[in-house]
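Take a look at the structure below.
The values are calculated or read from the model by the stated rules, or taken from the named source; none is laboratory data. What you are looking at is a predicted structure, and each value in this text was computed from that prediction instead of being measured. All Cβ positions, glycine included, derive from the backbone under ideal geometry; neighbour counts span all protein chains shown. Protein only, heavy atoms only, side chains kept; ligands, DNA and RNA dropped before computing areas. Shrake-Rupley method; radii C 1.70, N 1.55, O 1.52, S 1.80 Å.
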Amino acid sequence: MSSRSITPVQSTTIVAAKDWTPTSWQSKPIKQDVDYPDQAHLNRVLEKIGRLPPMVVPGEIHRLRQQLADVALGKAFLLQGGDCAELFDYCAQGPIEAKLKVLLQMSLVLVWGARMPVVRIARMAGQYAKPRSKPTEMHEGKEILSYRGDNVNGYDPNDRNPDPERLLGAYFHSAATLNYVRSIINEGFADLHHPSNWNLHHVKSATLRQEYQGIVDRLTDALDFMKTIGADPNQTGAPLSTLNTVDIFASHEGLLLEYEQALTRLMADPADPSQRKYYNVGTHFIWIGDRTRQLDGAHVEYFRGIENPIGVKCGPSMKPEELVDLLDILDADKQPGKVTLITRYGVDQVDKYLPSHIRAVQESGHVVVWACDPMHGNTKQSVSGVKTRHLIDITRELSQAIRIHKQLGSHLGGVHFELTGDRVTECVGGSMELLDAELLERYETHCDPRLNYEQALDMAFLIAKYQEKQRGFSGMMSL
C-alpha cells in the first residue's frame, strides 16, 4: 500500500504522507515542549511567522536530497558541523565567516583524501534550541528554569521565562545568517586560492606538522596545475565554478514544533511542478534528537510528512528493532539518503551497539546515510570543573565506526562535529596539545564543548590520511 495520499487541486496535485497534515503532530504526546505563560502572545507570533517568506526554497532542498542520495550510495561524503547551540550574537560577520572558513577548509582536505565530492551542511542559521534533561536547575540555592536556547529564553538567570518574541528573533537571525552566507559564497568566499589561510603553526609535533604540510602542498600543486591548463575561471574570466563557489546547506535540530509548523509550506516540487508537497522552508536539513524520537511521539509524526532530508540521532538506548520501525515511519518509500543516521555512542560503547544497528538497517532494505558523531558520547567533567571532550576519544570512536562499517560490508558516509571557527579552549588534546589546565582560557560555550579551528582541521587531516590509504591499499587501516 502506498504511503502517500494524492489530492487533485486545480491543475496541480497535493502529494502528502498518508493521514498527515502540518498539525497532525498536535494529537501526539510530546517531549521537550515549552510552557509559554501567555498562549495568546505565542499564537500571534506564530501567525506572523506563518506569513513571513521562506528562508530556503524547494529547489535547494531537492538539490541536497540528490547529494545525500549520492552519499548513501557511496558516491560522496558528508561533512556536518557547527555550534552545539547557536547564539543570536553569532549572527555577525566575524563568527559566520570563521565557521564557513573551517568547514570549507575541512571539506577541501576531505575532497583531496577521498577523491569524491563532499556535501557540506552547517549547524547554522537556526540551531538556537537545546533539549535539556531537566526543565529546571539550581542557581545560588534557588530553583530556576533551565536555559533552553536563545529562541526560548535567555542565558542570564534573570531571563529564563519563555518569551514568544524570541521565536521571531530566531526567524530574523536565521534569515540574516543565510542571506550573508549566500552573498559571500556567490562573491567567491569559497575561492580555494588563498594559501595564507593555511596556518599550521599550532601543530606542536614536527613530524605531524610535516605530514599536514605535505597534504597542503599537494593541494596547492593541484590547484596550480588547474590554473596552468586554463581550468581556473579567475584566469579565464569564466563564471564562478566549483573552484570558488560551493553549496553550503543549513541545518538544525527540530525541537519547537510550533515554530517548525509555522514554517511548513505547501509548495511546488521542483522535479515535477504539477505536484505540490510539504517543505520545511526554515532550513534545508532538520534532525530528531535522541530525546524526542519516540515512535508514537509528536516529533516523529511531524518529521514523517516533510520533504526535507532528515537526520536521526542514534545512541545506546536505540534498540535495533526500534530503529527499523522508526525508519519505516520516516522513510516509508525507502528513498536513498532521505534519512541520515547520526550515531553517537561513546568510545567505550560503539563496538557494543553499532554492529546490531547496521545489521538491522541492512536487513530492512533502507538505504541511509551513516554519519558518525564522535562528540556527544564522549563528554566528561574536566579537572577545571567544566564539561570537556578529549580528541583521543573522538578519534578512537570515529576510527572504530569506520572499522565496523567496513567489516559488515557497510560504509561510513559522513561525520558530524560540534565545532567553531574560533580559537576557543573547550576540548582537550589535538595537534596543539591543549591541556585540561588551559580550558578556562577561552571556554565560551553556553552548552557543550566544541572543537576549535585547529582541532577541527586535525580531524579533517586524520580522515583524509585514512581515505588516501584506502585509495592506495586494500584492507582496513586505522586512523
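When only residues in region 410-424 that are over 11 Å from Ala456 (Cα atoms) and open to solvent by 10 Å² or more (accessible area, probe 1.4 Å) count, which is nearest to the chain's Cα centre (by Cα)? Applying the filter and picking the extreme gives Leu412.
This table checks each residue for (1) within 23 Å of the chain's Cα centre (by Cα); (2) modelled with pLDDT of 65 or more; (3) in a strand (DSSP E or B).
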| site | (1), (2), (3) |
| --- | --- |
| Ala175 | yes, yes, no |
| His193 | no, no, no |
| His201 | no, yes, no |
| Asp217 | no, yes, no |
| Asn244 | yes, no, no |
| Asp247 | yes, yes, no |
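Quick check on region 358-379. Is at least one of its residues under 23 Å from His252 (Cα atoms), at pLDDT below 95 and either among the acidic types (Asp, Glu) or in a loop (DSSP other than H, G, I, E, B) (or both)? For region 358-379, residues under 23 Å from His252 (Cα atoms), at pLDDT below 95 and either among the acidic types (Asp, Glu) or in a loop (DSSP other than H, G, I, E, B) (or both): absent.
The single condition among (1) over 19 Å from Ala170 (Cβ atoms); (2) buried (at least 18 other Cβ atoms within 10 Å of the Cβ) that Ala40 does not satisfy is (2). Among the residues of region 110-143, just one is part of a strand (DSSP E or B), over 21 Å from the mean Cα position of the chain (by Cα) and either surrounded by 15 or more Cβ atoms within 10 Å (Cβ to Cβ) or modelled with pLDDT under 90 (or both), namely Glu137. Candidates in region 411-429 are the residues that are in contact with a strand residue (DSSP E or B) (Cβ under 8 Å, 6 or more places away or on another chain) and assigned to a loop (DSSP other than H, G, I, E, B); of these, the one that is nearest to Ala85 (Cα to Cα) is Thr420. In region 307-362, the qualifying residues are those that are touching a residue at least 60 places away in the same chain (Cβ under 8 Å) and hydrophobic (A, V, I, L, M, F, W, C), and the one that is surrounded by the most Cβ atoms within 10 Å (Cβ to Cβ) is Ile342.
Out of everything in region 369-404 that is among the hydrophobic types (A, V, I, L, M, F, W, C), within 17 Å of Gly81 (Cα to Cα) and without any contact (Cβ under 8 Å) to a residue 60 or more places away in the chain, what residue ends up being surrounded by the most Cβ atoms within 10 Å (Cβ to Cβ)? This residue is Cys372. Comparison of Lys469, Lys406 shows that the only residue that is under 21 Å from Glu211 (Cβ atoms) and out of contact with any Leu (no Cβ under 7 Å at 6 or more places or on another chain) is Lys469. Summed over region 11-34, the residues that are within 17 Å of Gln261 (Cα to Cα), assigned to a loop (DSSP other than H, G, I, E, B) and open to solvent by 40 Å² or more (accessible area, probe 1.4 Å) give a count of 8. Within region 144-171, the only residue that satisfies the criterion of being surrounded by fewer than 15 Cβ atoms within 10 Å (Cβ to Cβ) and in a helix (DSSP H, G or I) is Glu165. Note on region 79-89: among residues that are outside any loop (DSSP other than H, G, I, E, B) and out of contact with any Lys or Arg (no Cβ under 8 Å at 6 or more places or on another chain), the one that is least open to solvent (accessible area, probe 1.4 Å) is Phe88. Taken over region 48-57, the criterion of being in contact (Cβ under 8 Å) with a residue 40 or more places away in the chain, part of a helix (DSSP H, G or I) and open to solvent by 40 Å² or more (accessible area, probe 1.4 Å) is satisfied by Lys48 alone. Among the residues of region 58-78, those identified as in a loop (DSSP other than H, G, I, E, B) and surrounded by fewer than 16 Cβ atoms within 10 Å (Cβ to Cβ) are Leu73, Gly74, Lys75. Quick check: anything in region 288-298 open to solvent by less than 10 Å² (accessible area, probe 1.4 Å), at negative phi, touching a Phe, Trp or Tyr at 6+ places or on another chain (Cβ under 9 Å) and free of Cβ contacts under 8 Å to residues at least 60 places away in the same chain? So far as region 288-298 goes, yes, one or more of its residues are open to solvent by less than 10 Å² (accessible area, probe 1.4 Å), at negative phi, touching a Phe, Trp or Tyr at 6+ places or on another chain (Cβ under 9 Å) and free of Cβ contacts under 8 Å to residues at least 60 places away in the same chain. Of all the residues in region 100-109, those that are buried (at least 18 other Cβ atoms within 10 Å of the Cβ) and farther than 22 Å from Leu398 by Cα number 1.
Applying a threshold of 8 Å to beta carbon distances and a minimum spacing of six or more residues, or different chains, the list of pairs starting in region 233-259 at a residue that is under 30 Å from Gly149 (Cα atoms) and of a type in the set (Phe, Trp, Tyr) and ending at one that is outside any helix (DSSP H, G or I) and at pLDDT 50 or above reads Phe249/Val119; Phe249/Arg120; Phe249/Ile121; Phe249/Ala122; Phe249/His284; Phe249/Phe285; Tyr259/Asn151; Tyr259/Gly282. Evaluated against (1) crowded, with 22+ Cβ neighbours inside 10 Å; (2) in contact (Cβ under 8 Å) with a residue 40 or more places away in the chain, Gln407 falls short on exactly one condition, (1).
For region 225-232, indicate whether the set of residues that are modelled with pLDDT of 80 or more and closer than 26 Å to Gln105 by Cβ is non-empty. Quick ask: steps written out before the conclusion?
Taking region 225-232 as the starting set, the residues that turn out to be modelled with pLDDT of 80 or more are none.
No.
All of Ala72, Ala122 fail the test of being under 29 Å from His366 (Cα atoms), touching a Phe, Trp or Tyr at 6+ places or on another chain (Cβ under 8 Å) and touching a residue at least 60 places away in the same chain (Cβ under 8 Å), apart from Ala122.
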